[in-house]
Amino acid sequence: VKEGQGLFLPNVFTPNGDGINEAFGLPYLTLGNDYTLRIFNRWGNEIFVTSDPLDMWDGKVDGAPVPDGIYLYVLNAPDPCDPTQRRELRGHVTVLR
């Protein structure tokens, strides 16, 4: 196992109402208050932020669906393989409806 490989986020999700792959985040981790997920649009505006790992992004901003496209994320969380270490993941996620 490579160092820092304890966290993984998918790069596509489909919030289209079919009940499959509806939200983006890390639902399987119980990280408590030591977790932050931030989502940004293509202009760098923060459109979603949470410190609750069970609060996943549903592809909406202010209750309205975002357009299909690429959004950036920054995740800060303890490494599940070594909780004494913090990890920061930066990447992109594609919304497809």
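The values are calculated or read from the model by the stated rules, or taken from the named source; none is laboratory data. Please read all numbers here as calculations on a predicted model, not as lab measurements. Cβ placement follows ideal geometry from the backbone for every residue including glycine, while neighbour counts extend to all protein chains displayed. Accessible surface areas use protein heavy atoms only, side chains included; no ligands, DNA or RNA. Shrake-Rupley method; radii C 1.70, N 1.55, O 1.52, S 1.80 Å.
Summary of computed values
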| quantity | calculated |
| --- | --- |
| Residue ID - nearest to ILE20 (Cα to Cα), chosen from residues in the stretch 64-85 that are open to solvent by 60 Å² or more (accessible area, probe 1.4 Å) and without any contact (Cβ under 8 Å) to a residue 24 or more places away in the chain | PRO83 |
| TYR28 being open to solvent by 20 Å² or more (accessible area, probe 1.4 Å) and modelled with pLDDT of 95 or more | no |
